[in-house]
Amino acid sequence: MPGAGAPGSATLAAPDYALAPGGAMLVDRDNFNGAARAIPGIELGSHLDVLWAEINPANCATNPTGCTDFSVIEERLRQMGQQQVTTVDGQVLSPRPLWLSLPRFWSQGNEIDGIRYCNNNVPSWLGSSNGVAPNYAISVTRTVGGQALTHTEYVPRLDSAALQAAYSTLIQRLGAAFGNDPRIAGLFIAGGYDNETNLAAPWCGITLELIANCANPASPQCLISAYAGGEYDQFVRNALDAFHQAFPRKPVYLLFAPAPDDYLRCNWVYGVPGQFTGIAQYSNRHIGLGFNGMRYDVPGFIRRPPPAPPPASARCSVFQLLLDNRGLLPIKLEPSQSWSGVARRQIEYWSWLFGLGPFWPDFIDTQPEWFCANTDGDGNCGTPAASELRAFNTQYGFPAITTPRNGNQGDFGDWLERQFGDSPTSARDLWTAFHRTEFPHTGSYCQGYCEGFDDNFNHFLAVAYGPYSVRCGDSSLPCYDPVPLPQAATNIYSRFAGRMDGAALAFAISNTLSYYGQTLDNVHIRLAYVNDSDADFSVTLPTEFSSITLPVDRTAAGNWAWFETTQRIKLANDLNGAILRIDYNGPDPRPTLHMVWIDVNDAAP
């Protein structure tokens, strides 16, 4: 999905379908090992994982740190430069910029005879047994089919000054080659296992206890310190400085969620006085935060020993750092997994709301099945080609977008695209979706996952006053309400909803918006509510000199319904600190709402 909101970000056109000679095909960022969908000779991958050993190879005996070979990157750029891709709405994508993840040095590998191996891609001159920074050889024992199987894994020496120096030298040379190249869109820092800031490799049985249990005096091994100020902290700081110096004109993302210690994230973002600047303190804020965890509800942070971190560590959680730095640093999200079954669309829908509501991202990297209604066993788009996003309108009644970006009939996909680039001054879609975490807090200190995002999904619109409760439609959720919501397990609106608990419920918009205080025509007001009573409620909005009250005709049909109206209103919190107020004084059931949405796209402020 394209976006251009955060400082230093770049737009990348990445549609789900494209037209080329031979028919329709999918633009798949990771489809770089074979031909595109049924189109021989067409290569559409717009992202490349670059292995360290590929670009800093072994045949450099005389000057290993200075030897580089970037032909694998140039070949991909050549392939993409020969293409002209035209999307279904007529946009010509030529040239298409390339995203790079590099230098990939440790990742999930093959499974052979029940044993899972990881790949070590540190160049042999650097990491082999006779290299400059020889890998750690770790013995791993796992039980497979009741049998204990032991094998050796080779963990990169991230504690080595020689490895860190070679890493920096490589990034400097990459920056000299591609730092000003318009064909390169941006980069993802390979900062640990599977390119994330992870010092454990669960695929092949490498745990923190095996290599980094340095806080435990009885630990059998303490190879790479995983805590603030330790060796892994220094490795990532070194990588950040290297990318900052080499690629100051490109967006660069640090995939920071699985850091083995919460404090590490704060060090990397805010710096350490006298030691490290921190990406939030760089004068050019082009390095952003990547979170590969966009889902309907996701744990907020992972805490590990030492066993009693002070409460201040909460500010270093993933969610808190994303919230504190939205609009200041680029933010990239990626869905944490794919879904199937009856609740697929419900979960995907709420995952989109989670990603786009609180965090204002400028980049979301999604798998094909999030765009295609029909997928095969490998998650590829199936036949007939059908849009997963359009189904949200046609099957669930999400209001069609009156001002889609591409000029065609609007659908949920256009609504998603409109959220990219939103900022506290420029946002035009202002909405709240009621939500409560599905990961309830399990105590003051958690060895594993602590609580998830425990708030509504607010996008420049939030509850100003009035009591309410968050309901859940499915009995498997911790906030389940005994009275189920409509089609509780499958309807996209029914995972969570907010029920009025008083006579009034009011919502306020951000007063930082550039049009705050203006009176504008053609403002669309939309509410999704449950039709579970024939007692009506009302919506009050501010006008230039007074206010207007509109009835909402609730029926007893029991389904979800959308209330829509287009009005000339004053975009200010003039209703006792609110811009929109819902009033109800009738018998139970009180109104239950999924979303309140103020759309000013047609108001042309």
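Scan segment 574-605 for residues that are in a loop (DSSP other than H, G, I, E, B) and either closer than 18 Å to Pro399 by Cβ or of a type in the set (Phe, Trp, Tyr) (or both) and jot them down.
Tyr584, Val600, Asn601, Asp602, Ala603
Has segment 557-573 got at least one residue that is small (Gly, Ala, Ser), at pLDDT 95 or above, part of a loop (DSSP other than H, G, I, E, B) and closer than 28 Å to Gln419 by Cα?
Checking segment 557-573: at least one residue is small (Gly, Ala, Ser), at pLDDT 95 or above, part of a loop (DSSP other than H, G, I, E, B) and closer than 28 Å to Gln419 by Cα.
Hey, can you tell me all the residues within segment 180-203 that are closer than 14 Å to Phe243 by Cβ and assigned to a strand (DSSP E or B)?
We begin by selecting, within segment 180-203, every residue closer than 14 Å to Phe243 by Cβ; these are 184, 186-191, 195, 197.
Within segment 180-203, Ile184, Gly186, Leu187, Phe188, Ile189 meet the criteria.
Do we have Ala488 as out of contact with any strand residue (DSSP E or B) (no Cβ under 7 Å at 6 or more places or on another chain) and buried (at least 17 other Cβ atoms within 10 Å of the Cβ) here?
Numbers: out of contact with any strand residue (DSSP E or B) (no Cβ under 7 Å at 6 or more places or on another chain): yes; buried (at least 17 other Cβ atoms within 10 Å of the Cβ): yes.
Yes.
So how many residues does segment 64-109 have that are of a type in the set (Gly, Ala, Ser), modelled with pLDDT under 90 and either surrounded by 17 or more Cβ atoms within 10 Å (Cβ to Cβ) or assigned to a loop (DSSP other than H, G, I, E, B) (or both)?
Residues that pass the stated criteria total 2.
Being modelled with pLDDT of 85 or more and in contact with a Leu (Cβ under 8 Å, 6 or more places away or on another chain) is the filter here; which residues of segment 354-373 pass it?
Of everything in segment 354-373, those that are modelled with pLDDT of 85 or more and in contact with a Leu (Cβ under 8 Å, 6 or more places away or on another chain) turn out to be Gly355, Leu356, Pro358, Phe359, Pro361, Phe363, Ile364, Asp365.
Which members of segment 361-394 meet the condition of being part of a loop (DSSP other than H, G, I, E, B) and more than 28 Å from Gly186 (Cα to Cα)?
Result: Ala373, Asn374, Asp376, Gly377, Gly382, Thr383, Pro384, Ala385, Ala386.
Pull out all pairs, ordered by first then second residue, where Cβ-Cβ is under 7 Å, the residues are six or more apart or on different chains, the first lies in segment 468-495 and is assigned by TED's automatic domain parsing to the domain that holds Ala506, and the second is assigned to a loop (DSSP other than H, G, I, E, B) and among the hydroxyl-bearing types (Ser, Thr, Tyr).
If the second residue must be assigned to a loop (DSSP other than H, G, I, E, B) and among the hydroxyl-bearing types (Ser, Thr, Tyr), the pairs left are Gly473/Ser494; Leu485/Ser494; Pro486/Ser494; Gln487/Ser494; Ala488/Ser494; Arg495/Tyr296.
If you check Arg581 against the conditions, is it basic (Lys, Arg), more than 30 Å from the chain's Cα centre (by Cα) and buried (at least 18 other Cβ atoms within 10 Å of the Cβ)?
Spelling it out, Arg581 is indeed basic (Lys, Arg), more than 30 Å from the chain's Cα centre (by Cα) and buried (at least 18 other Cβ atoms within 10 Å of the Cβ).
The values are calculated or read from the model by the stated rules, or taken from the named source; none is laboratory data. From a predicted model like this one, the values you see are computed outputs, not experimental measurements. A quick note on method: Cβ atoms are made from the backbone with ideal geometry, for glycine too, and the neighbour counts reach across all protein chains shown.
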